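What follows is calculated from the coordinates using simple rules that are stated; it is not laboratory data. Predicted, not measured: the structure shown is a model, and the values here were computed from it. FYI the Cβ positions are ideal-geometry reconstructions off the backbone, even for glycines, and counts take in every protein chain you see.
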Amino acid sequence: MLELRNVSKHFLGTPAVKDVSFRALPGEITGYLGPNGSGKSTTMKMITGLIATTSGDILFNGEPIRRDLIAWKQRLGYVPEEPYLYSHLSGLEYLMMVGQLRNLPGKPTAERIDGLLRLFSLHRDRHAAISSYSKGMRQKILLSAALLHNPEIILLDEPFSGLDVGTGLVLRSLIQELAARGKVMLFSSHELETVERVCSHVVILHRGRIVADDSIESLRTLMSVPTLEGIFSQLAVEQDTAAISREIADLIQA
């Protein structure tokens, strides 16, 4: 189980995440939602150990991850929001490098890489430089790298970005399959329809604070709103979207 207890993060004294607490359980898909700038990616980076918390604790199975960050990262798979890759390497070379950095056994890892490249429809381009890859292809490489070591917990920050419809459907099914096999799945996405179809549980962040932490079904009942989009709009959107859209249309037609 992944657990955050009163986690906060300040940058130059300015709070980005404020007293955040929630749990993500094995076998459950937890959606982590919020408007741009709400602190989602900052939270993800703290969970991965890329940045330190200002206060609070992040625990896995009851143990603070800061006690042994190297061991923690060995159990973790992470797809960041931005596809930071070594673009001069080929897709195959990049995944081989990831396997070596994780000290994975040579032959089984090579076979797993070959399988991932085939299943993500990248095998034909495996020797091409990543600099020539489309955004969707780069996203597939990131996904492959995150899954290569069979992690216990998988963090996905906007994982559907750039994916074609077919691969998006595969990823949606894969998230469900991995959860069914006991993985801890936490993912952030702006695609609320996908979150609603995939997640059993959502945590909604607004201005660095949690404004909802419950099952989608419970939130629907509690708020008398039929869709996750409606729930999100009520809890985390401060603007009158209809009024803004009318003003934009009026402006361009003036």
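Note on segment 101-190: Cα-Cα pairs beyond 22 Å make up 28% of the total pair count.
If one takes the longest principal axis of the Cα atoms in the chain, at what angle in degrees, from 0 to 90 and to the nearest 10, does the Cα axis of helix 135-147 lie? Tilt relative to the chain: about 70 degrees. With everything on Cα atoms, drop me the angle between helix 241-253 and the longest principal axis of the chain, reported from 0 to 90° to the nearest 10. It works out to around 90 degrees. Amide hydrogen proximity for Val211: with H placed 1.01 Å from N in the peptide plane, the residues at 5 or more positions away or on another chain lying under 5 Å are Ile204, Leu205, His206. The local environment of Gly208, defined by Cβ-Cβ distances under 13 Å, has a net charge of +4 under the rule Lys, Arg +1 and Asp, Glu -1. Calculated [222 nm] ellipticity per residue, helices only, for the chain: -12500 deg cm²/dmol; basis is -39500 (n - 2.57) per DSSP H run with n ≥ 4, divided by all residues, nearest 500.
Close amide H partners of Val17, meaning residues 5 or more places away or on another chain with modelled amide H under 5 Å apart, are Lys9.
Mind checking which lysines have their Cα closer than 28 Å to the Cα of Lys135? Skip sequence neighbours fewer than 8 apart in that chain. Within the straight-line cut-off, Lys135 pairs with Lys40, Lys45, Lys73, Lys183.
For the chain, give the share of DSSP beta bridges that are antiparallel, in percent and rounded to the nearest 5; count only bridges with both residues there. Please list the in-between numbers first.
Working: 21 of 37 bridges.
Percentage antiparallel, nearest 5: 55.
Compared with the alpha-carbon gap, the fully stretched path from Glu63 to His190 is longer by 42.6 nm at 0.36 nm per residue. Here, the chain is characterised by an Rg to Rh ratio of 1.00, where Rg is the alpha-carbon radius of gyration and Rh the Kirkwood radius.
The protection proxy used here, the mean number of other Cβ atoms lying within 10 Å of each residue, ranks peptides 109-120, 3-14 as follows, highest first: 109-120, 3-14. Working note: Karplus 6.51/-1.76/1.60 with θ = phi - 60° gives segment 175-186 the couplings 4, 5, 5, 5, 4, 4, 8, x, 6, 8, 10, 10 Hz, where Gly and Pro are set to x.
Which whole-number percent is the relative contact order of segment 85-150 (Cα, under 8 Å, 6+ apart)? Kindly include the intermediate steps, with their values, before the conclusion.
Details: 57 pairs, mean separation 32.4, N = 66.
With pairs under 8 Å counted, the relative contact order is 49 percent.
Start at zero, step by 10 Å, and the Cα-Cα distances of segment 62-128 spread as 17, 42, 29, 10, 1 percent across the bins.
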